[in-house]
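K.L.:
Below is one structure. I have some questions about it.
Computed from the coordinates by the stated procedures, all read-outs in this text should not be read as laboratory data. None of these values were measured; they are calculated from a predicted model. All Cβ positions, even for glycine, are placed from backbone atoms using ideal geometry, and neighbour counts span all protein chains on display.
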Amino acid sequence: MNIVLIGYRCTGKSSVGKRLAEILGWRFLDTDELLEQKVGMSIAEFVLKRGWDEFRKKEKEVINEISDVDNSVIATGGGVVLNEENVKILKKNGWIVWLKAEPDTIKQRMLKDKGNTRPSLKGKDSLDEIKEVLEERIPLYQRSSDFSLDTDSFSVEQLCNAIIKEFQRRIRNGIENAR
C-alpha cells in the first residue's frame, strides 16, 4: 500500500511527502522529478518544447512505471487527476490524500518557492489562474481522493500526524471498506 498525495502546486505535496516517508520509513517518489529524469530536462523546458499534451503523456508513463511499488509516499503533479486512468492506476495500490489550500496561500507559496519554475497553465495573472484552474480541478480532486486536508494553517508535522492517524484508522477498519 502507498500513500499518494494529490492537489494543486504548492499545497505541500513534496514537503509533506518527504517528511511522511521519513516518519514511516518508506520511499518517497515525486512524479514530477521522475518525469524530469525521464525526459532529461525541466518540466518548464519540456512544456515549452513539446507542449502540455506531450507532458501529460509522459506523466501517464511515469504513473504506469511506479504503479507496482509498495510502501511509498508518492507526490504527484497537480494535474495528474485530469486523466481518470492515472487515478485508477494510483488507487490500485494507493490511498489518495488531497492536500488543499486557499488561492491566496498558494500564490504566496509560489512566490516563495524558488524551485517553482512551472509554466503558466492559462497565461493569466497568477491569482486569477490559480482560481480558474482550481475551479476546474476541485471536482476531480474530490472524486479522486480518499481523504483531504487543508494545508493553510498547519505545519508539515501536523499534516503528517493527521495523515498517519487517518491512514492507521482506515487500515484497522479495512481501507477498501472505508472508500
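K.L.:
Per residue of the chain, what 222 nm ellipticity follows from adding -39500 (n - 2.57) for every DSSP H run with n ≥ 4, rounded to the nearest 500?
P.N.:
-17500 deg cm²/dmol
K.L.:
Still on this structure, I have one more. Rounded, prolate or oblate, given the Cα gyration tensor of segment 2-170, with a/c below 1.5 counting as rounded?
P.N.:
Because a/c hits 1.5 or more and a/b fails to exceed b/c, segment 2-170 counts as oblate.
K.L.:
Which of the aspartates and glutamates could a cross-linker span from K60 if the Cα-Cα distance has to be under 19 Å and same-chain partners fewer than 8 positions apart are dropped?
P.N.:
Result set, ordered by chain and number: D30, D32, E33, E36, E45, D68, D70, E84, E85.
K.L.:
Projecting each Cα onto the charge dipole of the chain (Lys/Arg +1, Asp/Glu -1 at the beta carbon, about the Cα centre), which of I163, V80, L35 comes out farthest on the positive side?
P.N.:
Looking along the dipole axis, the top candidate is I163.
K.L.:
Once you have a ≥ b ≥ c as the square roots of the Cα gyration tensor eigenvalues for segment 1-96, tell me rounded if a/c is under 1.5, and otherwise prolate or oblate according to whether a/b is larger than b/c.
P.N.:
Here segment 1-96 falls in the prolate category.
K.L.:
Let me check against my output: what whole-number percent is the relative contact order of segment 29-114, with C-alpha pairs under 8 Å and at least 6 apart?
P.N.:
30 percent
K.L.:
Still on this model: Over the chain, what is the mean sequence separation of C-alpha contacts under 8 Å (at least six apart), divided by residue count, expressed as relative contact order in percent?
P.N.:
Relative contact order for the chain comes out at 32 percent.
K.L.:
Too long at a 26 Å Cα-Cα cut-off: which of K49/K91; K13/K112; K49/K88?
P.N.:
Over 26 Å apart, Cα to Cα: K49/K91; K49/K88.
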